[in-house]
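Before any comments, here is the structure.
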Amino acid sequence: MFLLAHAVLLIGITTPDKFVFDEVHYVPAARQMLEPVMPQPMLNPMHPPLAKQLIAVSIRIFGDRALGWRYPSVLFGALAVVAIYLCGLALFAAQAPAIACALIAFFNQMLFVMARTAMLDVFALAFELFAIASFLHGFRQRRPHLWFALAGLGFGLSAACKWSGLFPLAVSIVIVAVLRLMRGWRTRFEDAGDTDWYRPDLWPDFRWYHVLACFVLVPAVVYFATFIPLDGLSVSEFWQAQRRIFSDNTTTAIAGHTYMSSWPSWPFLVRPVWFLFDKLADGRVAAVVFLGNPLVLWPALAALAIALRDFIVKRRADAFLILAFYFGLYLSWALLPRALGFLYYYLPAATFASLALVYMLWRESLRRWLLWAYVVVAAAGFAAMLPISAAFIETTMATFNRLMIFQNWI
């Protein structure tokens, strides 16, 4: 699965051979990290350094060109496909639905576009999906200590790429805290079953200090370690960097942007982000539009509604976990006072929504072929969107206009 995703993502990766969208911010910051002495002022201080460090390593290996800028995104995009497969495996305990999760996530278009662009989001996505997979596996274990510690490691690495990696960490802490509180209150369901999201015998040896070690200490140490190449062991420099990041992520004093959109509109794909639009000499165009596959993301809303029903009516643990992480990854953006928002902030939640779709289609009351038929439909939608997803696939203005179905997509 990794090799196939890696190979597909590499096709045409060097087109265009110029910066695309926010590459203009992150590639120069990565170049700066390759200097013997860090120049001042530091470029792009509003994000942690790990993803930019990975881009810098790639530039050192492959050269300061399009392949060097974008190869790390390809690598971590392929790893994200593996990670969502592991999430499905942990949740459904079967290989077939896990493979379907990975395919649907890839055909969503969002992951494909971001994995071919030198931005920070795909790095944070891959790390947090591996962390969520560890958490989902540990959730079902009697002794989850190792798996929760691995989850903390992944969340720390994700936050070291972009602070949005803190969202699933917060979700995990809330889940553990709620379940421990319910056990402390000796809560019981009268008609308790094995599929309940809460059971009083869950994690009997997982104490509060284990919670702190797995979800606070491990992520904090990992996160701090990523700043050492820049600031050494200076605590004052580290805190100064955190103040700059916090200030940027909470500011409301940011001007508008052509492609900005608010969080309530993201699941409905109201406003895409144009990463690239070039008119070529022969009248054709090269375009990269970050939009998302409507044949995936719109049905995902119905799948989430079914999961919500099953969580309320049947108390299903798998429905509970899907809802917790999807809404945690999505609605956390609503809590930020930051005025500027973009559809690509929805990438982690949209990728995780593939689990909701498989949950809806992998039920005992449905024919198994329905899931694979839907995967084919998702693949068809992905293929139809390739002219606006990959710059090396040149297209005509007529085709481009047909794919821009709604006026607000333009």
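The values are calculated or read from the model by the stated rules, or taken from the named source; none is laboratory data. A quick note: this is a predicted structure, and the numbers were derived from the prediction, not measured. Cβ placement follows ideal geometry from the backbone for every residue including glycine, while neighbour counts extend to all protein chains displayed. Only protein heavy atoms, including side chains, enter the accessible area calculation; ligands, DNA and RNA are left aside. Shrake-Rupley method; radii C 1.70, N 1.55, O 1.52, S 1.80 Å.
Here is how the numbers come out for the structure above:
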{"read-out": "Distance between modelled label sites at TRP208 and PHE224, nm, 7 Å Cα→Cβ extension", "value": "2.2"}
{"read-out": "Two-site label geometry, SER236 and ARG402: point separation in nm, points 7 Å out along Cα→Cβ", "value": "6.4"}
{"read-out": "Shape of region 1-59, Cα gyration tensor, a/c cut at 1.5", "value": "prolate"}
{"read-out": "Area accessible to solvent at LEU111, 1.4 Å probe radius, in Å²", "value": "0"}
{"read-out": "Mean accessible surface per residue for the chain, computed with a 1.4 Å probe while every protein chain stays in place, in Å²", "value": "43"}
{"read-out": "Size of charge dipole - the chain - debye, nearest 20, with Cβ of Lys, Arg +1 and Asp, Glu -1, no other charges", "value": "620"}
{"read-out": "Simple spin-label estimate for PHE327 and LEU340 in nanometres, 7 Å along Cα-Cβ", "value": "3.1"}
{"read-out": "ARG140 accessible area, 1.4 Å probe, all protein chains in place, Å² to nearest 10", "value": "110"}
{"read-out": "Distance from region 187-215 to region 74-137 (C-alpha centre basis), Å", "value": "27"}
{"read-out": "Scattering curve values for region 315-357, log₁₀ I(q)/I(0), Debye with Cα scatterers, q = 0.16, 0.20, 0.22, 0.32 Å⁻¹", "value": "-0.45, -0.63, -0.72, -1.13"}
{"read-out": "Residue of ALA170, ALA151, ALA133 that the Gaussian network model of the chain assigns the largest fluctuation, springs spanning Cα pairs under 10 Å", "value": "ALA170"}
{"read-out": "FRET E, pair ARG180, ASP278, Förster distance 51 Å, beta-carbon r, rounded to 0.05", "value": "0.40"}
{"read-out": "Residues with amide H under 5 Å from that of PHE275, placed H, sequence gap 5 or more", "value": "VAL288, VAL289, PHE290"}
{"read-out": "Computed accessible area, LEU233, all protein chains, 1.4 angstrom probe, square angstrom", "value": "130"}
{"read-out": "Solvent-accessible area, 1.4 Å probe, carbon plus sulfur percent, for the chain", "value": "66"}
{"read-out": "Integer Hz, Karplus 6.51/-1.76/1.60 couplings in order for region 385-401, x for Gly and Pro", "value": "8, 4, x, 10, 10, 10, 5, 6, 8, 6, 9, 8, 5, 5, 5, 4, 5"}
{"read-out": "In order through region 81-90: 3J(HN,Hα) via Karplus (6.51 cos²θ - 1.76 cosθ + 1.60), integer Hz, x for Gly, Pro", "value": "4, 4, 5, 6, 4, 5, 4, x, 5, 5"}
{"read-out": "Under Karplus coefficients 6.51, -1.76 and 1.60, residue-wise ³J(HN,Hα) of region 347-364 in Hz, glycine/proline x", "value": "3, x, 5, 5, 5, 5, 4, 4, 5, 5, 5, 5, 4, 5, 9, 10, 8, 4"}
{"read-out": "Intensity falloff of region 13-130 expressed as log10 I(q)/I(0), Debye formula with alpha-carbon point scatterers, at q = 0.22 Å⁻¹", "value": "-1.13"}
{"read-out": "Partner lysines for LYS279 [C-alpha distance under 27 Å; skip if fewer than 8 residues away on the same chain]", "value": "LYS18"}
{"read-out": "Solvent exposure ordering (accessible area, 1.4 Å, most first) of ILE228, ILE175, ILE11", "value": "ILE11, ILE228, ILE175"}
{"read-out": "Full-stretch length increase - LYS314, ALA170 - with 0.36 nm per residue and alpha-carbon distance subtracted", "value": "49.3 nm"}
